[in-house]
Structures are given as structure tokens and as C-alpha cells.
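The values are calculated or read from the model by the stated rules, or taken from the named source; none is laboratory data. Given the structure is predicted, the values throughout are model-derived calculations rather than measurements. We place every Cβ from the backbone using ideal geometry, glycine too, and count neighbours over all the protein chains shown.
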């Protein structure tokens, strides 16, 4: 489950918080949530923040999920990839594109699969995750893909946020949900 342990799957304490997390998760507590609930203040802030990152920004869901899947691959956070690859597909990603995301460092070499905006997100995600610094050429691609500064700041925040998530998952050794539980969550 997690090197820290976790609250039980049927946890209802604190009631308002567990209800809010379940509402955002379609009625379930993921293993990540169950670990975060070891600290109710952290779990509450995390849930509120990630609700905005996942549903309150102007960045297209498919672009957001490309960034999240990329962070997962680049950091080795398998849990994160398993949670977000289905989200990428629901947002319009193809099976072939999802397969190429598994090979994230070479994904920009496929303009027949990823359009210019998607390749800009891939390049930005790669640089922010692997070297932290973003070179001017990549930033120009980002500006071309996202002419609105609001979208620019949001895509950077998405990538930064999921770098935080991946590091938490890996440090705590949070295990992915079993196949049956993932199927139930996403159907």
C-alpha cells in the first residue's frame, strides 16, 4: 500500500473531507488519498488544489494529461501513469499516442501523432522535469502553442504540480490500485 501505511478504504473521518475527496474521485478513495488522509490538513489542501489543477484551468484536458503522463514516465511514477493514461484516452488521445507517451523522451519525433501544441507540452514537460530550466527555443514553442499568458502559467503549474505528486508517490512507495479497483473507478 504505502511505506507510511494508510487509512482504511472505508474511512469516513473527517466526514466533510472524506466526502469531498470521494466526490472528486467518483465515490472512491485512492491509495494516494488514503495515505494523504494520515494528515487531514494536508489531504484537505491537496484535494482543493488538485481539484483546481484538474478541473478549473483553461488548458485543454488532453494537453494537461500529456503533461501529467510525461511527468509520470520521466520520474518513474508508475502509479501516476496508470491513473492518467485512461484520462488521456478519455480526453481524445489514441492508443498509439498513449503508447508513445510511454516513450516520452522521443515523443516529439512523431509529428504525425502529436500536433505542435502537444509537442510543445512534451518539450516543456521534459525540460521542467529533467533539467528544471527551460531553454528559449522551447519557451517560444510554448508561447506559440499558448499565446494567452494565463494558459502559459497554467501549463507550467500543471507540470510543476505533477512533479510534486510523483515525488510524493515515489517517496511514500504508494502502490497502484489493483486492476479490479481501477476498472471500477474509471467506469
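Taking residue 8 and the conditions (1) in the same structural domain as residue 129 (by TED's automatic domain parsing); (2) without any contact (Cβ under 8 Å) to a residue 40 or more places away in the chain, which numbered condition does it fall short on, given that it satisfies the others? Of everything listed in (1) in the same structural domain as residue 129 (by TED's automatic domain parsing); (2) without any contact (Cβ under 8 Å) to a residue 40 or more places away in the chain, residue 8 misses just condition (1). When you go through 117, 67, 40 one by one, which is the residue that is within 17 Å of the chain's Cα centre (by Cα) and touching a residue at least 12 places away in the same chain (Cβ under 8 Å)? Sole residue among the options that is within 17 Å of the chain's Cα centre (by Cα) and touching a residue at least 12 places away in the same chain (Cβ under 8 Å): 67.
Report, by residue number, each residue of the range 14-33 that is touching a residue at least 24 places away in the same chain (Cβ under 8 Å) and more than 22 Å from the chain's Cα centre (by Cα). Across the range 14-33, the qualifying residue is only 14. Would it be correct to say that residue 79 is more than 22 Å from residue 55 (Cα to Cα) and not assigned by TED's automatic domain parsing to the domain that holds residue 31? The answer is no for residue 79.
Do the conditions hold for residue 138, that is, is it touching a residue at least 12 places away in the same chain (Cβ under 8 Å), over 30 Å from residue 5 (Cβ atoms), under 15 Å from the mean Cα position of the chain (by Cα) and assigned to a helix (DSSP H, G or I)? For residue 138, the condition - touching a residue at least 12 places away in the same chain (Cβ under 8 Å), over 30 Å from residue 5 (Cβ atoms), under 15 Å from the mean Cα position of the chain (by Cα) and assigned to a helix (DSSP H, G or I) - is not met.
Kindly indicate whether any position in the range 63-77 is surrounded by 17 or more Cβ atoms within 10 Å (Cβ to Cβ) and more than 26 Å from residue 171 (Cβ to Cβ). Yes, the range 63-77 contains at least one residue that is surrounded by 17 or more Cβ atoms within 10 Å (Cβ to Cβ) and more than 26 Å from residue 171 (Cβ to Cβ). Between 108, 138, the distinction of being in contact with a helix residue (DSSP H, G or I) (Cβ under 6 Å, 6 or more places away or on another chain), surrounded by 15 or more Cβ atoms within 10 Å (Cβ to Cβ) and at pLDDT below 95 belongs to 108 only.
If you filter the range 146-157 down to residues that are assigned to a helix (DSSP H, G or I) and under 20 Å from the mean Cα position of the chain (by Cα), you find that the one that is surrounded by the fewest Cβ atoms within 10 Å (Cβ to Cβ) is 150. Just one of the listed residues (72, 20, 51, 43) is under 30 Å from residue 93 (Cβ atoms), touching a helix residue (DSSP H, G or I) at 6+ places or on another chain (Cβ under 7 Å) and in the same structural domain as residue 98 (by TED's automatic domain parsing), namely 72. Of the residues 96, 82, the single one that is outside any loop (DSSP other than H, G, I, E, B), in contact (Cβ under 8 Å) with a residue 40 or more places away in the chain and out of contact with any helix residue (DSSP H, G or I) (no Cβ under 6 Å at 6 or more places or on another chain) is 82.
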